[in-house]
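Participant: One structure follows; several queries about it will come next.
Read-outs throughout are calculated quantities, based only on the coordinates presented, and are distinct from any laboratory measurement. A quick note: this is a predicted structure, and the numbers were derived from the prediction, not measured. Positions of Cβ are generated from backbone atoms using ideal geometry, with glycine treated the same way; all protein chains shown enter the neighbour counts.
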Amino acid sequence: MPEFIPGLHLSELFYKESVEPILHAKFPGLEYAAARLGYGSEVLGFDDEMSRDHDWGPRLTLFLSDDILETIKPKIDDALRNHLPHLFHGYPTNWSLPHEDQTWALMETVAGPVNHRVEITTARKFVLEYLGFDIVGELTPADWLTFPQQKLLGITGGKVFHDDVELKAVREYFSWYPDDVWLYLLASGWQRIGQEEHLMGRAGEAGSETGSILIASRLVRDIMRLCFLMEKRYAPYPKWFGKAFAKLKCNQEFSPILNNVFESENWVAKDRWLARAYELLVAKFNELHLISKIPAEASQFYSRPFRVIWGERIAKNIVHKIKDLRVKAISARPLIGNIDLVSDNTDLMADSQFRTRVRQLYY
């Protein structure tokens with residue numbers, strides 16, 4: 001097996017050393033963008049040696065203008081198939097046909113056309129297929145709320161190697177939520193904590209340590225989600241959620257506390273550590289100066305021996321700051337948040353054809 005090269009760097013080398021020279025020689029003056037975006041651990045910078053067994057290797061996307069795609073795409077594809085090297089830095093540039101699970105694998109060849117993974121498309125077509133949104137249309141609050149954050153990372157992450165067609169502007173278009181959508185998501189995050197923060201202790205006190213563990217885990221995830229939102233960072237899907245959290249500025253303060261939640265022997269200890277996490281979360285939230293300062297001290301839940309931060313009350317205060325009438329209308333109903341909070345179903349999140357149906361939740 002060749003020496004491991006991080007996939008994003010491998011794709012950049014592949015473009016500069018193999019793809020760009022072919023384009024320059026065969027299509028002088030062609031305006032295009034070249035980038036590695038979309039699916040793949042390497043787009044997030046989290047790939048390693050194990051990643052190489054499928055959907056990993058020398059690959060990238062070429063973006064053309066809409067008016068020339070259909071005429072020149074077959075010619076570019078043919079040029080690449082016949083002129084790309086069969087090996088690049090020790091890795092095949094030829095790929096198998098998709099397996100039953102729709103994954104691809106590198107397959108070494110020594111002669112003949114290369115079945116490459118240089119996708120040729122346009123920015124509009126790419127976004128339409130990836131997000132289920134046409135960039136010539138208006139981007140509404142309901143659209144923002146139905147884009148999985150993992151997919152927003154797929155567009156804003158990765159790397160652009162060359163850009164003649166304003167691909168950068170498309171990426172900036174999705175760089176972060178509008179302010180009032182952000183406020184709505186923050187409110188929804190606090191609402192979720194408010195709905196379950198007293199249940200962890202109740203389950204444990206009633207004799208279900210298993211139930212308290214499950215609820216504590218959900219609360220930790222919601223605390224982490226709010227941390228991503230407060231630092232204006234999209235959160236990836238579960239496989240890389242923890243690794244991405246470790247890159248947040250607040251990680252050093254939160255991780256010891258959250259780890260103690262998981263390592264606690266009983267619900268009483270979990271309650272103590274969760275209370276500390278809530279207090280730190282409020283302190284960090286206050287630093288954003290979005291609403292009046294919130295007391296950063298957990299208190300008893302009525303007469304029960306559980307400490308809470310009253311997340312629903314925080315959510316109501318945030319909602320009052322929303323000005324966009326469309327977002328106000330959405331926030332007047334139950335605060336369900338975005339698609340990441342509504343469901344963690346993989347098919348629902350991955351298949352953009354469901355997005356139109358999910359949008360109906362916000363009307």
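Participant: Got a sec? How would GLU196, GLU265 order by Cβ neighbour count within 10 Å, fewest to most?
Facilitator: Sorted ascending by nearby Cβ count, the order is GLU265, GLU196.
Participant: While we're looking at this one, here's another question. How long is the gain from ARG218 to LEU87 if the chain were fully straight, where each residue apart is worth 0.36 nm and the alpha carbon distance is subtracted?
Facilitator: 42.5 nm
Participant: Here is a further query. Within 14 Å, Cβ to Cβ, of LEU199, how many net charges do the neighbouring residues add up to if Lys/Arg are +1 and Asp/Glu are -1?
Facilitator: Values: positive: ARG192, ARG202, ARG218, LYS270, ARG304, ARG307; negative: GLU196, GLU197, GLU205, GLU209, ASP222, ASP271, GLU312.
Summing Lys and Arg as +1 and Asp and Glu as -1 gives -1.
Participant: For ARG333 and TRP176, what is the calculated FRET efficiency with R₀ set at 22 Å and r taken between the beta-carbons, to the nearest 0.05?
Facilitator: With R0 = 22 Å, the Cβ-Cβ based efficiency is 0.40.
Participant: Work through the residues other than VAL268 whose Cβ is under 11 Å from its Cβ and net out their charges, Lys, Arg +1 and Asp, Glu -1.
Facilitator: Result for the neighbourhood of VAL268: -1.
Participant: Further question: Taking every DSSP beta bridge with both residues inside region 1-127, roughly what % is antiparallel (nearest 5)?
Facilitator: Just about 55 percent of them are antiparallel.
Participant: A follow-up question, please. Just from the alpha-carbon atoms, what are the Rg and Dmax of region 229-363 in angstroms?
Facilitator: My reading of the Cα-based Rg and Dmax gives 17.3, 48 Å.
Participant: Please pull out the direction-averaged projected area of region 78-202, using the convex hull of its alpha-carbon atoms, in nm² to one decimal place.
Facilitator: 12.8
Participant: A further question follows. Under a point spin-label approximation (7 Å from Cα along Cα-to-Cβ), what is the ASP324-MET107 distance to one decimal in nm?
Facilitator: The answer from the label model is 4.6 nm.
Participant: Next up: Which entries in the list LYS151/LYS316; LYS26/LYS168; LYS151/LYS293; LYS243/LYS316; LYS168/LYS321; LYS232/LYS328 go over 23 Å, if you measure between the two C-alpha atoms of each? Before the final figure, lay out the partial values.
Facilitator: Values: LYS151/LYS316 29 Å; LYS26/LYS168 25 Å; LYS151/LYS293 34 Å; LYS243/LYS316 31 Å; LYS168/LYS321 31 Å; LYS232/LYS328 21 Å.
Where the Cα-Cα span goes over 23 Å, the pairs concerned are LYS151/LYS316; LYS26/LYS168; LYS151/LYS293; LYS243/LYS316; LYS168/LYS321.
Participant: Could you tally the net charge around VAL118, taking each other residue with its Cβ under 10 Å from the Cβ of VAL118, Lys/Arg +1 and Asp/Glu -1? Could you put the intermediate results ahead of the total?
Facilitator: Numbers: positive: ARG59, ARG81, ARG117; negative: ASP77, GLU119.
Its environment carries a net charge of +1.
Participant: Continuing with this model, one more query. Using packing as a proxy for protection, rank 19-28, 58-67, 158-167 so that the peptide with the highest average count of other Cβ atoms within 10 Å comes first.
Facilitator: Per-residue mean Cβ counts within 10 Å order the peptides as 58-67, 158-167, 19-28.
Participant: Once amide H atoms are placed 1.01 Å from N in the peptide plane, what residues at a sequence separation of 5 or more from ILE120, or on another chain, have their amide H within under 5 Å of its amide H?
Facilitator: LEU62
Participant: Considering only DSSP beta bridges with both partners in the chain, what is the antiparallel share in %, to the nearest 5? Could the numbers behind the result be given before it?
Facilitator: Values: 13 of 18 bridges.
Within the chain, antiparallel bridges account for around 70 percent of the total.
Participant: With just the Cα atoms defining each centre, how far is region 258-279 from region 14-39? Give it in Å.
Facilitator: 52
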